[in-house]
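One structure is given below, encoded as structure tokens.
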Amino acid sequence: MEEAQAANMDLVEVAPNADPPVCRIMDFGKFQYEQQRKERRARKNQVQVKVKEIQLKPKTDDHHLGFKLREARKWLETGMKVKVRVRFRGREIAHSHIGRERLEEIKQLLSDVSVVEQMPNIEGRDMLMVLAPLPEKK
């Protein structure tokens, strides 16, 4: 502690669980500032994955599905995730197998650019499936 005071610095315990504990003489304020800058740089370089969503109904016709899939393909190719939602209204929920078949069809049509991240499951009156872009080959 005397050496740290003589150097006008702080005595910082680096490894308290070591035997004996390890301490370093350093400028603790400067160390904290460098750590914050490092974290800020790491956050700036971090890639945030966006999730886009397409909504369908069990009775959605093929033409409408076609341009929804075209949008989903474009999003997947740019690296976004796509959430596909089939919304059931009224008594349609009794025929949830139709929605599951629709999601399986979508999975097959987009299999060249995506992989299923979350399999189709029912949440309330909605059936959801999440598609993620294929991992890049190195």
Subject >> Residue in the range 26-49 that is modelled with pLDDT of 90 or more, within 30 Å of residue 125 (Cα to Cα) and hydrophobic (A, V, I, L, M, F, W, C) present >> reply: no
Original post:
Within the range 60-83, how many residues are farther than 23 Å from residue 119 by Cβ and of a type outside the set (Gly, Ala, Ser)?
Top reply: 8
Subject >> Cross-chain or 6+ apart pairs with Cβ under 6 Å, the range 123-137 first and assigned by TED's automatic domain parsing to the domain that holds residue 99 and farther than 17 Å from residue 82 by Cβ, then surrounded by 18 or more Cβ atoms within 10 Å (Cβ to Cβ) and modelled with pLDDT under 95 >> reply: 125/88
Subject >> Residue pairs meeting the criteria (Cβ under 9 Å; at least 6 apart or on separate chains; first in contact (Cβ under 8 Å) with a residue 24 or more places away in the chain and within 19 Å of residue 105 (Cα to Cα), in the range 79-94; second of a type in the set (Val, Ile, Thr) and in a loop (DSSP other than H, G, I, E, B)) >> reply: 81/49; 86/60
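Do we have residue 110 as aliphatic (A, V, I, L, M), surrounded by fewer than 18 Cβ atoms within 10 Å (Cβ to Cβ) and farther than 15 Å from residue 55 by Cα here?
Criteria not met by residue 110.
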Original post:
Of the conditions (1) surrounded by 14 or more Cβ atoms within 10 Å (Cβ to Cβ); (2) among the charged types (D, E, K, R); (3) closer than 19 Å to residue 67 by Cα, residue 105 fails just one. Which one is it?
Top reply: (1)
Original post:
Tell me, which strands (runs of 3 or more DSSP E) lie completely within the range 1-100 with 3 or more residues that are basic (Lys, Arg) and closer than 18 Å to residue 129 by Cβ?
Top reply: 81-87
Subject >> Residue selected from the range 99-138 under the condition in contact with an Asp or Glu (Cβ under 8 Å, 6 or more places away or on another chain) and among the β-branched types (Val, Ile, Thr), by the criterion modelled with the lowest pLDDT >> reply: 113
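The values are calculated or read from the model by the stated rules, or taken from the named source; none is laboratory data. Quick caveat, the model's predicted, so the values are computed rather than measured. Methodologically, a virtual Cβ is constructed for each residue, glycine included, from the backbone with ideal geometry; neighbour enumeration extends over all protein chains shown.
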